[in-house]
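The values are calculated or read from the model by the stated rules, or taken from the named source; none is laboratory data. Computed from a predicted model, the values in this text were never measured in an experiment. Positions of Cβ are generated from backbone atoms using ideal geometry, with glycine treated the same way; all protein chains shown enter the neighbour counts.
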Amino acid sequence: MIDSVMPFLTGFLLSAALIMAIGAQNLFVLRQGLKQEHVGPVVLLCASADALLIIAGVAGVGTFLSAIPQLTTALALGGAAFLGWYGIKALKRMMAPDAMIAGDGVSVTLGRALAATAGFTLLNPHVYLDTVLLMGTAGSAQPAALRPLFVAGAATASFTWFAALGYGARFLKPVFARPAAWRALDAFVGVVMLGLAASLVVRAMALGPGLSAAMT
């Protein structure tokens, strides 16, 4: 019994430790939760993507991807552009005189919300490092018969976290009944997004010389 519980707990705790860090994806889910807009589909997409990437990592895709540094560079540059665009957009919202109040503001369609969620999830190389490479390596270290339990634990942590973040955000709604709170959130989101974008550009530039040397 203990032998079957430990892989589940290992997957759950490792996934939780990685996913709870403040990042672009978490901030987007939080904002959708505060707006109470398309929360279910956004949470489901984030958690399902995590689960699929972890499964891919444990299945050995991480080893394959680590051999293609060009893909990491392309993801870094694409993610930097996406995060930079969203960061500037958040700062523009922050400076707008008609900053939104919880429950008000311009709504986005389900399609646009899911597209943004996919961007925050799939255009961030750190997602692949955490799920495919790191989680994949840890999962592959488990005995073959116990790997499904490790994946189940990791996926459970992902679904639990995103559901808590998205649906728990409503308890902060009284705080965000004031435009000043939304301005503060958008300022924080903008700074974090631009900082992440800059880090991805630096990462891509660091990978560039290595790629050039490898090709000569």
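The rows are residues; the columns are (1) within 26 Å of residue 166 (Cβ to Cβ); (2) touching a helix residue (DSSP H, G or I) at 6+ places or on another chain (Cβ under 8 Å).
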| residue | (1), (2) |
| --- | --- |
| 124 | yes, yes |
| 127 | yes, yes |
| 135 | yes, yes |
| 142 | no, yes |
| 148 | no, no |
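Here residue 86 meets each of (1) part of a loop (DSSP other than H, G, I, E, B); (2) modelled with pLDDT of 80 or more; (3) of a type outside the set (A, V, I, L, M) with one exception, condition (1).
Residues are listed down the side, and each one gets a yes or a no for (1) in a loop (DSSP other than H, G, I, E, B); (2) modelled with pLDDT under 90; (3) of a type outside the set (D, E, K, R); (4) farther than 26 Å from residue 191 by Cα:
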| residue | (1), (2), (3), (4) |
| --- | --- |
| 14 | no, yes, yes, yes |
| 17 | no, yes, yes, no |
| 30 | no, no, yes, no |
| 43 | no, no, yes, no |
| 46 | no, no, yes, no |
| 55 | no, no, yes, yes |
| 70 | no, yes, yes, yes |
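Going by the conditions given, is residue 187 among the hydrophobic types (A, V, I, L, M, F, W, C), over 18 Å from the mean Cα position of the chain (by Cα) and at pLDDT 85 or above? Answer is yes for this residue.
Within segment 94-145, count every residue that is surrounded by 16 or more Cβ atoms within 10 Å (Cβ to Cβ), modelled with pLDDT of 80 or more and more than 28 Å from residue 57 (Cα to Cα). Summing the residues that are surrounded by 16 or more Cβ atoms within 10 Å (Cβ to Cβ), modelled with pLDDT of 80 or more and more than 28 Å from residue 57 (Cα to Cα) in segment 94-145 gives 1.
The lone criterion from (1) modelled with pLDDT of 90 or more; (2) of a type outside the set (Ser, Thr, Tyr); (3) assigned to a helix (DSSP H, G or I); (4) surrounded by 15 or more Cβ atoms within 10 Å (Cβ to Cβ) left unmet by residue 6 is number (1). Checking each residue in segment 11-30 for being over 10 Å from the mean Cα position of the chain (by Cα) and surrounded by fewer than 19 Cβ atoms within 10 Å (Cβ to Cβ) picks out 13, 16, 17, 30. Between a residue in segment 137-165 that is under 8 Å from residue 12 (Cα atoms) and any residue that is surrounded by fewer than 18 Cβ atoms within 10 Å (Cβ to Cβ), which pairs come within a Cβ distance under 8 Å, given they are 6 or more apart or on different chains? Sorted first by the residue in segment 137-165, then by its partner, the pairs are 153/9; 153/13; 157/13; 157/16. The combined condition, being surrounded by 15 or more Cβ atoms within 10 Å (Cβ to Cβ) and at pLDDT 90 or above, is fulfilled by residue 157. If you go through segment 190-216, how many residues are at pLDDT 85 or above, surrounded by 14 or more Cβ atoms within 10 Å (Cβ to Cβ) and not hydrophobic (A, V, I, L, M, F, W, C)? Count: 1.
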